[in-house]
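Below is one structure, written out as structure tokens; comments come after it.
The values are calculated or read from the model by the stated rules, or taken from the named source; none is laboratory data. Because the structure is a prediction, the values reported are computed rather than measured. Cβ coordinates were reconstructed from backbone atoms using ideal geometry, including for glycine residues, and neighbour counts include every protein chain displayed.
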């Protein structure tokens, strides 16, 4: 009844606009699904017709068979759980630590000018080159993989959040200063709320980087996880296993991105 009453309060033009926006969302969702189905369908047909070599490229049916095989062996969710734990731990640490460092750099302009060049250089450093050192420093356990995940993600988190803080409207900053607001008050009342879009963009970027970092870490040192399956599958030429692990990674990364997008919509409302 309430929905009907609300609709009665809208003008005909507004209802038409709402319908148009709803149709746009449906079109976008259907287009995404159709593209995915088309890609998988073409891939399967090409593999079945031997247009491509299924031994090298695998196929959706062979991926499904491999997933079923891993499930029967009882190792599917074990490997997924290991990689998911490493990725989530690295993601949370990188975002929290990166946000805190960005706040510190925003609070001190002198420190920002001193530290910023080093941050840029560290961001350009190929993290995979530090793999042997990470093994020596931290060991060959989960800690090394989580450290690699943080290392890959944290610099971008710092730079994105710092850019978001600096981009806050200068007029509002002057207003807060003229009212005698302290740095802490300005941060709490203006900077943090105003930089919320930057935070959401940082989370979206950090999701991809966290998965890259965890898989890089598993490439270097791991005895379990999706990265381990990819390395093992490549070594013994089980390319179906490689494609299966890659497919699962894409699904998990897409799921994490979707969760962040839902959180962003809720916050925007």
For this session: Go through the residues of segment 155-176 one by one and say whether even a single one is part of a helix (DSSP H, G or I), more than 19 Å from the chain's Cα centre (by Cα), surrounded by 14 or more Cβ atoms within 10 Å (Cβ to Cβ) and free of Cβ contacts under 8 Å to residues at least 12 places away in the same chain.
Result: no
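Select from segment 225-269 the residues that are outside any helix (DSSP H, G or I) and touching a helix residue (DSSP H, G or I) at 6+ places or on another chain (Cβ under 9 Å) and write down the one among them that is surrounded by the fewest Cβ atoms within 10 Å (Cβ to Cβ). Write out each step before concluding.
To start, the set of residues in segment 225-269 that are outside any helix (DSSP H, G or I) comprises 225, 236-238, 269.
Among the residues that remain, those that are also touching a helix residue (DSSP H, G or I) at 6+ places or on another chain (Cβ under 9 Å) are: 225, 237-238.
Details: 225: 27, 237: 11, 238: 15.
It comes out as 237.
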Exercise. Is it the case that segment 68-81 has a residue that's in contact with a helix residue (DSSP H, G or I) (Cβ under 9 Å, 6 or more places away or on another chain), loosely packed, with under 12 Cβ neighbours inside 10 Å and in contact (Cβ under 8 Å) with a residue 12 or more places away in the chain?
Worked result: no
For this session: Would you check if there is a residue in segment 16-30 being touching a residue at least 24 places away in the same chain (Cβ under 8 Å) and in a helix (DSSP H, G or I)?
Result: no
Exercise. Is there a residue being in contact (Cβ under 8 Å) with a residue 60 or more places away in the chain, closer than 25 Å to residue 96 by Cβ, in the same structural domain as residue 73 (by TED's automatic domain parsing) and over 22 Å from the mean Cα position of the chain (by Cα) anywhere in segment 185-203?
Worked result: yes
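With respect to residue 222, determine if the residue is modelled with pLDDT under 90 and crowded, with 18+ Cβ neighbours inside 10 Å.
It is true that residue 222 is modelled with pLDDT under 90 and crowded, with 18+ Cβ neighbours inside 10 Å.
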Problem set entry | Filter result for residue 185 (within 19 Å of residue 106 (Cα to Cα) and either in contact with a helix residue (DSSP H, G or I) (Cβ under 9 Å, 6 or more places away or on another chain) or in a helix (DSSP H, G or I) (or both)) | yes
